[in-house]
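The values are calculated or read from the model by the stated rules, or taken from the named source; none is laboratory data. All of these numbers come straight from a predicted model, not from anything done at the bench. All Cβ positions, even for glycine, are placed from backbone atoms using ideal geometry, and neighbour counts span all protein chains on display.
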Amino acid sequence: MLRPALRALAAPVSRATLALAAVAALAACSTRNPYANDIWYYNPEPGSTLVPRVQSGPRNLAMFRGDTGMPLDWYGISAGVRWADIVIIGEQHDDEVAHGVQEALVAETLAAWPGSAVSMEMLERDEQPIVDAYLAGSITEDEFVDRTGSRDWASTGSWHLYYQPVVDAARHAHAPVIAANAPREYVRRARTEGYAALEQLPADERALFSVPLRDPPASYRARFKALMSGDGAHEVDEAKVDEILRSQRMWDATMADSVVRALDAAPYGGKVVHLVGQFHSEHDGGLVSEIQARAPFAKVLTITVQRGEAFALRSEDTGKADVVVYGMRTPPAWRNFQAGPDPDAVHGPVPEQPLPTWGYAY
């Protein structure tokens, strides 16, 4: 016996009714929050997922839905990855717990969905040939790091500690690594000259960056201004905010375009995991907005990793991402150092002050 919904579909209907039904179906199926869709492979009973009292990364941390605060576990995150086409993991650049979460999710995604790709804010489009040469085994790790100028990307020796393991996981899986960001020269020129001037450049230069296709949410500028002013601790010039925001938005647009191109190039079922400073992706900011402008039907899962131990979603983190993950009270001892040119050298504890999560100042 047909269920009522199927019986209704079997009855004669008008073209207009079918059109309305199609629109309603699209509206009901969110491309932004997998857990809002009541997905069949992840629908736990309320209270069935517990927050670990003893937390250890990356699979046994406190994890929550960013909208409702409902606890998640690693299987819940994996279910979200299964649902998604694009997975964005927002980091604080010097947070070792965040990098552990990234490494685990990248490795599992590449293993479970062959043809998936890793996309990185930390590499720029003109460096793609160097990345490809390393993945092909044509150059050594040291050559790759030196030619991209990445060794101290987040802090002294940080590339070897935080980002090289991700690149090597992709290399082991024969997966692409996308140098997603715009070269800094063009980001600087976006700030000083504006987008219109950049669009007049020759085609080979225009291929190295993308300009925004839509305005981000109004809250994006407000958050950016708060960041520049130290949450209102000092005055900032409004024109200066808009000037630097042009650079920020070029990063967003170029990374979004790189991610969407990688998704288009992936085989059926392939996903793109993008690593980025969390300001770009939180609250559906500029990066997510630009992805939606280019691929409105792509399903996007956002994950943000926050510092410190927690046993419930903090109020200030509500809505930051689909999934909010918290670190441990104390970082893993084996990661609590800055590696120099010699990866075994210890140069003291990681600085307490978090690095910016929105890029470089110009």
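Couple of notes before you dig in:
- Among residues of the stretch 285-306, those that are closer than 17 Å to Arg246 by Cα and of a type in the set (D, E, K, R), counted: 1
- Within the stretch 100-124, considering residues that are within 14 Å of the chain's Cα centre (by Cα) and hydrophobic (A, V, I, L, M, F, W, C), the one nearest to Val305 (Cα to Cα): Val101
- Selection of the stretch 35-47 for residues being part of a loop (DSSP other than H, G, I, E, B) and either at pLDDT below 70 or within 24 Å of Gly327 (Cβ to Cβ) (or both) yields Asp38, Ile39, Trp40, Tyr41, Tyr42, Pro44.
- Taking each residue of the stretch 239-254 that is of a type in the set (Ser, Thr, Tyr) and looking for partners that are surrounded by fewer than 23 Cβ atoms within 10 Å (Cβ to Cβ) and at pLDDT below 90 with beta-carbon atoms closer than 8 Å, six or more apart or interchain, yields Ser247/Gly359; Ser247/Tyr362.
- Test result for Asp231, part of a loop (DSSP other than H, G, I, E, B), among the charged types (D, E, K, R) and either touching a Gly at 6+ places or on another chain (Cβ under 8 Å) or surrounded by fewer than 22 Cβ atoms within 10 Å (Cβ to Cβ) (or both): yes
- Candidate set from the stretch 235-277 (those that are β-branched (Val, Ile, Thr) and not in a helix (DSSP H, G or I)); member that is farthest from the chain's Cα centre (by Cα): Val236
- Against the numbered list (1) assigned to a helix (DSSP H, G or I); (2) β-branched (Val, Ile, Thr); (3) in contact with a Leu (Cβ under 8 Å, 6 or more places away or on another chain), Val187 comes up short only at (3).
- Scanning the stretch 204-223 turns up at least one residue that is among the hydrophobic types (A, V, I, L, M, F, W, C), closer than 30 Å to Ala84 by Cα and more than 21 Å from the chain's Cα centre (by Cα).
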